[in-house]
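K.L.:
Please see the structure below; I have some questions.
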Amino acid sequence: MLLWIFRAFFIVIIIAVLLVNLTLPEISGGAGRTDFYAILWSGLIMALVAFVVDFLTPKKSLAALAGVFFGLLVGIVISWALAQVFDMIIDIYRIELAVTAARAVKWMLGICICFLIINIVIRTKDDVRFVIPYVEFAKQTKGARPLVLDTSAIIDGRIADLYKSKLFDAPLIVPRFVLNEIQLISDSADKLKRNRGRRGLDILKEMQSNTGVDITIDDTPLPDEEGLKGVDQKLIVFTKERGGRLVTTDYNLSKVAAVREVDVLNINDLANSLKTIALPGESMKVRIIKPGEEPQQGVGYLDDGTMVVVEEARNRIGKEIVLTVTSSLQTSAGKMIFGKFESFGGQ
């Protein structure tokens, strides 16, 4: 939107310069027809070239107003240099132009150069540091860096408990496309997926109702969103744009984000460093969903998606049982609980 406003402003300036100079007596009179056409055609051609280069330049995101000032400064310097070249060409080839006409051409040349430089800086700001060392246009975030939640972190639910404990106080951001994905999961025909999606919506509602949690649903569109495939790619670009940290439980997303130089907070890593998720000898309830890989094994899932592998539970598929935890495993890829079901009293 800002670029289109800037383009409209550029058109207005070009038209104003043309009208002011073309209506001068020494230009609009019969003796100044050469100057009249020189101003008219040079202005139109340079404006057309500027727009062609503008639209052919690959589009990138606008993230720093400092790029506009930097582009304007560079454009003024280049315009001054080209103005000297223009005067030299007039002297060498002895082109007869009125002082007013030459000045108008210089003005329009400077406007077009500044326009192009500003557009190039805005669209390719991420590459400026490569061309000019130690110059970089990065958005500065005041206060704590925001935490961007992905679908897995919301459904997991532990992020809500972390904020209740006041361990974190950074603002939370949920992109609109993440909320849409949770809604699709909650409308799934698969009962397990549907329950996970509804759990995610309940956790979001719980955090929004908590006055101690600063959480925002962000509807801001991403640059070149059409070219981004999948929620994971959008999350990485979104987190970079916001200058935040990505919160997830997805192991593969954590690795890809690290490669793209995006800071990641993996809740599984955090849980692994804080506590054991289940102690041997504890009892818990779980519904057996499917058979396991080994004979007599049954597999169930907790509400947060944790896989529970139960020995001697293959014949209990579709039933809720009480098991005794034998061991647990917590990795960046997720968590697993191993247990044993012992039938008492013909259960």
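The values are calculated or read from the model by the stated rules, or taken from the named source; none is laboratory data. Owing to the predicted nature of the structure, the values given are computational and were not obtained by experimental measurement. Every residue, glycine among them, receives a Cβ derived from its backbone with ideal geometry; neighbour counts consider all protein chains shown.
K.L.:
Filter the stretch 119-144 down to the residues that are surrounded by 15 or more Cβ atoms within 10 Å (Cβ to Cβ) and in a loop (DSSP other than H, G, I, E, B), then identify the one that is modelled with the lowest pLDDT.
P.N.:
This residue is Phe137.
K.L.:
If you don't mind, there's one more thing I want to ask. Which one is surrounded by the fewest Cβ atoms within 10 Å (Cβ to Cβ) among residues in the stretch 259-275 that are hydrophobic (A, V, I, L, M, F, W, C) and within 15 Å of the chain's Cα centre (by Cα)? Don't jump to the end; show me each part of the working.
P.N.:
We begin by selecting, within the stretch 259-275, every residue hydrophobic (A, V, I, L, M, F, W, C); these are 259, 262, 264-265, 267, 270-271, 274.
Right, trim to within 15 Å of the chain's Cα centre (by Cα) and you get 262, 264.
Values: Val262: 20, Val264: 22.
The extreme case among them is Val262.
K.L.:
Further question on the same structure: Report yes if Pro295 is in contact with a helix residue (DSSP H, G or I) (Cβ under 6 Å, 6 or more places away or on another chain) and not assigned by TED's automatic domain parsing to the domain that holds Ile154, otherwise no. I'd like the intermediate steps shown before the answer.
P.N.:
Values: in contact with a helix residue (DSSP H, G or I) (Cβ under 6 Å, 6 or more places away or on another chain): no; not assigned by TED's automatic domain parsing to the domain that holds Ile154: yes.
Judged against the criteria, Pro295 is not a match.
K.L.:
Tell me, which strands (runs of 3 or more DSSP E) wholly within the stretch 207-319 include 2 or more residues that are more than 16 Å from Thr151 (Cβ to Cβ) and modelled with pLDDT of 85 or more? Before the answer, list the steps.
P.N.:
Details: elements: 215-218, 245-248, 264-266, 283-291, 297-301, 307-311.
Here the list reads 283-291, 297-301, 307-311.
K.L.:
In the stretch 1-68, which helices (runs of 4 or more DSSP H) lie fully inside it and hold 3 or more residues that are in the same structural domain as Lys106 (by TED's automatic domain parsing) and modelled with pLDDT of 75 or more?
P.N.:
Details: elements: 2-22, 25-28, 33-56.
Once the helices (runs of 4 or more DSSP H) in the stretch 1-68 are filtered for at least 3 residues that are in the same structural domain as Lys106 (by TED's automatic domain parsing) and modelled with pLDDT of 75 or more, what remains is 2-22, 33-56.
K.L.:
Report, by residue number, each residue of the stretch 145-169 that is under 26 Å from Leu228 (Cβ atoms) and crowded, with 17+ Cβ neighbours inside 10 Å.
P.N.:
Within the stretch 145-169, Pro146, Leu147, Val148, Leu149, Asp150, Thr151, Ser152, Ala153, Ile154, Ile155, Asp156, Ile159 qualify.
K.L.:
Related question: Would you confirm whether or not the stretch 242-251 contains a residue that is of a type in the set (Asp, Glu) and in contact (Cβ under 8 Å) with a residue 60 or more places away in the chain?
P.N.:
Initially, the stretch 242-251 is screened for residues of a type in the set (Asp, Glu), giving 250.
Keeping just the survivors that are in contact (Cβ under 8 Å) with a residue 60 or more places away in the chain gives 250.
For the stretch 242-251, residues of a type in the set (Asp, Glu) and in contact (Cβ under 8 Å) with a residue 60 or more places away in the chain: present.
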